Amino acid sequence: SIPITKQLASIKALGKGSDLEKAFATVALVYNNSADSEGKLSKAETKSLLQTQFGGFIQGQENKPKYQEIMSGLDEESENKIDFEDFMILLVSLTLMSDLLQDIKHVKTTK
């Protein structure tokens, strides 16, 4: 498979893209590289992707009720698959409750 950085570089519109644009493009590429031919992920694949690609944001969240609720939804045996829109909502939800986000908020940004 082609590395994400090379895939990003191949998107001409992102040549002079902002950091935020590149960040969202990276999310889309990571998702697309893992999705099936219909552009969806199983719940097990979603959980695995979160653990391998989003571990810094979910680390230490295991005891939070909202986190447990979200992850138990991914453990349910179901034919339902997750599309990109649901995946983005999931990422935002996990980010907002993350301890890492609190650390990020306190990073000094003065030049």
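The values are calculated or read from the model by the stated rules, or taken from the named source; none is laboratory data. Given the structure is predicted, the values throughout are model-derived calculations rather than measurements. Cβ atoms come from the backbone with ideal geometry, glycine included; neighbour counts cover every protein chain shown. These area figures cover heavy atoms from the full protein model, side chains too; ligands, DNA and RNA do not enter into them. Shrake-Rupley method; radii C 1.70, N 1.55, O 1.52, S 1.80 Å.
Points to keep in mind about this one:
- For the peptides 61-68, 92-99, the ranking by mean Cβ contacts within 10 Å, running from highest to lowest, is 92-99, 61-68.
- The length gained by stretching the chain between Val107 and Asn80 to full extension, at 0.36 nm per residue less their Cα-Cα distance, is 5.8 nm.
- Ligands, DNA and RNA are left out, and with a 1.4 angstrom probe the accessible area of the stretch 38-110 is 68 Å² per residue.
- Unit Cα scatterers, Debye sum, the stretch 38-110: log10 I(q)/I(0) for q = 0.21 Å⁻¹: -0.92
- Structure remark: mean-square fluctuation, Gaussian network model of the chain, C-alpha springs under 10 Å; the largest value among Ala44, Ala35, Ala13 belongs to Ala13.
- Relative contact order [Cα under 8 Å, 6+ residues apart], the chain, whole percent: 27 percent
- Percent accessible area from carbon and sulfur atoms, the chain, protein chains only, probe 1.4 Å: 54 percent
- Calculated FRET efficiency for the pair Ala23/Glu45, C-beta based, R₀ 22 Å, to 0.05: 0.55
- Length gained when the stretch Lys16-Ser93 is fully extended (0.36 nm per residue, less Cα-Cα span): 24.8 nm
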